[in-house]
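Please read the structure below before turning to the comments.
The values are calculated or read from the model by the stated rules, or taken from the named source; none is laboratory data. If you're wondering where the values come from, they're calculated on a predicted model, not measured in any experiment. Glycine gets a Cβ as well: all are built from the backbone with ideal geometry, and neighbour counts include every protein chain shown. Heads up: the accessible areas ignore ligands, DNA and RNA and are worked out on the full protein's heavy atoms, side chains in. Shrake-Rupley method; radii C 1.70, N 1.55, O 1.52, S 1.80 Å.
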Amino acid sequence: MSASVTPGPQSKSPAVRLALPEDVPELVRLINASFVVEQPFIEGDRIDADGVRGYMEKGKFLLAEDSSGLAGCVYVELRGERGYLGLLGVDPPRQGTGLGRFLMDAAENYFRAAGCRAVDLRIISPRAPLPAFYRHLGYAQTGTAPFAPDIPVKVPCHYILMSKPLA
């Protein structure tokens with residue numbers, strides 16, 4: 001993927017680009033703002049600068065930007081013939097506008113271009129609306145996994161694993 005790509009013919013579509021090291025502070029801000037809905041069941045912020053840099057060592061962040069700046073992000077990681085995505089985040093004032101779906105399309109296209117046959121993701125169990133959102137996009141639940149033991153939680157949590165084949 002090039003440094004800057006504008007998908008779709010609509011002029012209102014945000015530009016998608018790969019994150020650079022200088023984007024770390026804005027990524028931290030965006031992810032923590034996007035994941036504030038998890039505060040009833042997870043202690044503290046979702047991520048810090050070291051966490052973002054750690055993700056950037058294993059994979060990449062796709063950023064969606066518009067005339068107002070950073071609008072959303074999604075983490076993408078190549079794992080052989082499978083792609084893994086996570087940390088789908090949309091700036092709270094822009095949530096509900098289709099930007100999450102737009103970023104999912106960008107991530108799936110990234111994986112297709114890399115030759116992946118499927119995409120995997122995981123969500124935390126208390127995020128009740130998310131399985132339906134991902135099912136609507138063609139993902140199916142493939143199992144569950146224990147929650148990360150190093151993340152302090154307020155309620156019991158586990159991961160819901162989901163996958164989608166890529167055509």
Q | Rounded to 5, the percent of DSSP beta bridges in the chain classed as antiparallel | A | 90
**Q.** Segment R101-E81, extension gain: residue separation times 0.36 nm, minus the distance between their alpha carbons
**A.** 4.9 nm
Q) Using the heavy atoms of the protein chains alone and a 1.4 angstrom probe, what is the accessible area of the chain per residue in square angstrom? A) 53
**Q.** Zone of R112's modelled label, taken as backbone nitrogen in the range 76-96 under 20 Å from a point 7 Å along Cα→Cβ
**A.** 76-86
Q. Which net charge results for the neighbourhood of R112, defined as the other residues with beta-carbon distances under 14 angstrom from its beta-carbon, given Lys and Arg at +1 and Asp and Glu at -1?
A. 0
Q: Report, in whole Å, the centroid distance computed from the Cα atoms of the range 119-167 and the range 27-59.
A: 17
Q: Using the Kyte-Doolittle scale, find the helices of the chain whose mean hydropathy is at least -1.0 and whose Cα atoms extend 20 Å or more along the helix's long axis, counting only whole DSSP H runs.
A: 99-113
